[in-house]
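S.K.: Before anything else, here's the structure in question.
A short reminder: the numbers here are calculations on the coordinates, not readings from a lab. In this text, all values refer to a predicted model and were calculated from it rather than measured experimentally. All Cβ positions, even for glycine, are placed from backbone atoms using ideal geometry, and neighbour counts span all protein chains on display.
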Amino acid sequence: MDTQDRLMLILDELLVLINESEMYQTDAAIREILGETRKIINDIRRRALASTKKYIVAVVGLTNVGKSTLLNALFGLDIAPRRNGPCTAAPIEFAFGDSYEVTVYHFKSITRPSWRCAGVDEVHERLTALADDSGAERSRSIQRVVVTAPLPILQNGLVIADTPGFGAAQIEGAEGSHEESLKKYLVDQVSQVFWVVLGEQGIGKREKDFHDNMFGQICDDVIVTGCDDWEQRDKDKFRQRFARLFNRLPQFHFASGKIGLNARKTGNTEHLEQAGIVAIENRIRNLANRDGRLRTILSSLLALSNDLICWWDEYRNVNDIRCFSFWRPDSWDRWKNNLPNTTFTKKLANILEAAK
């Protein structure tokens, strides 16, 4: 049994434990937290299933926070369109290919228009043609656009998606279509999210609500842009200020897409590192192989387990509960006995046993 098979067994057995414990409990608050935990476990399970298939990392954020410029710096090509005006509501997926090609997938059609392009300029022309202000109906009809290109960072099968900014200006009659499309895409397709925020704006309530409701459990990284002239103390201050918003602390990256892209073009490795691009690139390369993805998923499962036990300890203390089991006893015994014998499962069982 390999690592993924063991992980799927752990998750499936854990879902059974959660479901049976939820039916066993009579306390409404405990039932609610078990329901929330079940939803998160299903998100983690979806990521685990995707770890050996098409693994999509979506770059998500408000409009005009520098997502496309950041991607261009990572790719080393000015290929991701800067979409400040009216455009299609579709995500653009970048995948590795020997040649440049643009393919459009529609929601309600088996037709997939595809264009072989001579280079980056022609890719831009084709994406611009798709992003014209041709009306709401067309904007809503496109599910996603796939761009293949000889991008070394994507050689191991990783797909990086540039997504429409939520809160973006939209063409007349298509109001809301960006967020509508983005929500569908996040739920149906995305395995992991890199969340881009603008340093000078910080993380507002609208952004945080969208994070919590749509992609919080598949987001391990926050990329802060617009911080070109920040010193280390400025970065530390930002991290300390907004870390309190998260139950599970993400990795904060501070990056300049503009400086990074210029450094790529001039071959200046020192400026590329100073722009924060190298650190993000290394993070992406870690996700570009199966073992790296699975390690990330295992860490998420441990973090969730610690969060659950912290909630239980606080709830038990506030309500003066002492002799009370969070888990259904016979379900717990069966779950523990069915676990594969690994270092990870022992660590997981030791954490969750605190609620026994």
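S.K.: In sequence order, what are the phi-derived ³J(HN,Hα) couplings for the stretch 303-317 according to the Karplus relation 6.51 cos²θ - 1.76 cosθ + 1.60 with θ = phi - 60°, rounded to whole Hz, with x for glycine and proline?
M.R.: Working through the residues one at a time gives 5, 4, 4, 5, 4, 5, 5, 4, 4, 5, 4, 5, 5, 5, 5 Hz.
S.K.: Same structure again: Based solely on C-alpha atoms, express the radius of gyration and the Dmax of the stretch 174-242 in angstrom.
M.R.: Considering the stretch 174-242 through its Cα atoms, Rg and Dmax are 13.9, 43 Å.
S.K.: Here is a follow-up. Once all Cα-Cα distances of the stretch 263-344 are split into 5 Å bins that start at 0, what whole-number percent is in each one?
M.R.: 3, 10, 11, 13, 14, 10, 9, 8, 7, 6, 4, 3, 1, 0
S.K.: Going by amide H atoms built from the backbone, whose H comes under 5 Å of the H on residue 63, apart from near neighbours?
M.R.: Those lying under 5 Å, H to H, from residue 63 are 166, 168.
S.K.: Follow-up question, since we're still on this one. Suppose the chain between residue 99 and residue 155 were pulled fully straight at 0.36 nm per residue; how much longer would it get relative to their current alpha carbon spacing? Walk me through the intermediate numbers first.
M.R.: Values: separation 56, 0.36 × 56 = 20.16 nm, distance 1.29 nm.
Once the chain is fully extended between residue 99 and residue 155, it gains 18.9 nm.
S.K.: Can you give the translational diffusion coefficient of the stretch 209-305 in µm²/s, computed by Stokes-Einstein from the Kirkwood radius over Cα pairs at 10 °C and 1.306 mPa s? Walk me through the numbers on the way to the answer.
M.R.: Values: Rh = 15.0 Å.
Here the translational diffusion coefficient equals 106 µm²/s.
S.K.: What percent of all Cα-Cα pairs in the stretch 271-318 falls into each 5 Å bin, going from 0 up to the bin containing the maximum distance?
M.R.: Percent of Cα pairs in each bin: 5, 19, 14, 13, 13, 11, 10, 8, 6, 2, 0.
S.K.: Would you please put 8-15, 219-226 in order of how densely packed they are, using the mean number of other Cβ atoms within 10 angstrom per residue and starting with the highest? Mind showing how you got there, number by number?
M.R.: Numbers: 8-15: 17.8, 219-226: 22.4.
Answer by packing, highest mean first, reads 219-226, 8-15.
S.K.: Moving on to the next point. Which ³J(HN,Hα) values, rounded to whole Hz and listed in residue order, are derived for the stretch 336-351 from phi using the Karplus coefficients 6.51, -1.76 and 1.60 in 6.51 cos²θ - 1.76 cosθ + 1.60 with θ = phi - 60°, glycine and proline given as x?
M.R.: In residue order, the calculated couplings are 5, 5, 8, 5, x, 7, 9, 4, 5, 5, 5, 5, 5, 5, 5, 5 Hz.
S.K.: With +1 on each Lys and Arg Cβ and -1 on each Asp and Glu Cβ, and nothing else charged, work out how big the dipole of the chain is about its Cα centre, in Debye to the nearest 20. List each step's numbers first, then the result.
M.R.: Numbers: 47 positive and 48 negative charges, 121 e Å.
Computed about the Cα centre, the dipole is about 580 debye.
S.K.: Using packing as a proxy for protection, rank 327-338, 143-154 so that the peptide with the highest average count of other Cβ atoms within 10 Å comes first.
M.R.: Details: 327-338: 15.5, 143-154: 18.8.
Packing proxy ranking, top to bottom: 143-154, 327-338.
S.K.: Can you give the relative contact order of the chain as a percent, counting alpha carbon pairs under 8 Å and 6+ residues apart?
M.R.: Working: 562 pairs, mean separation 78.3, N = 356.
Relative contact order, the chain: 22 percent.
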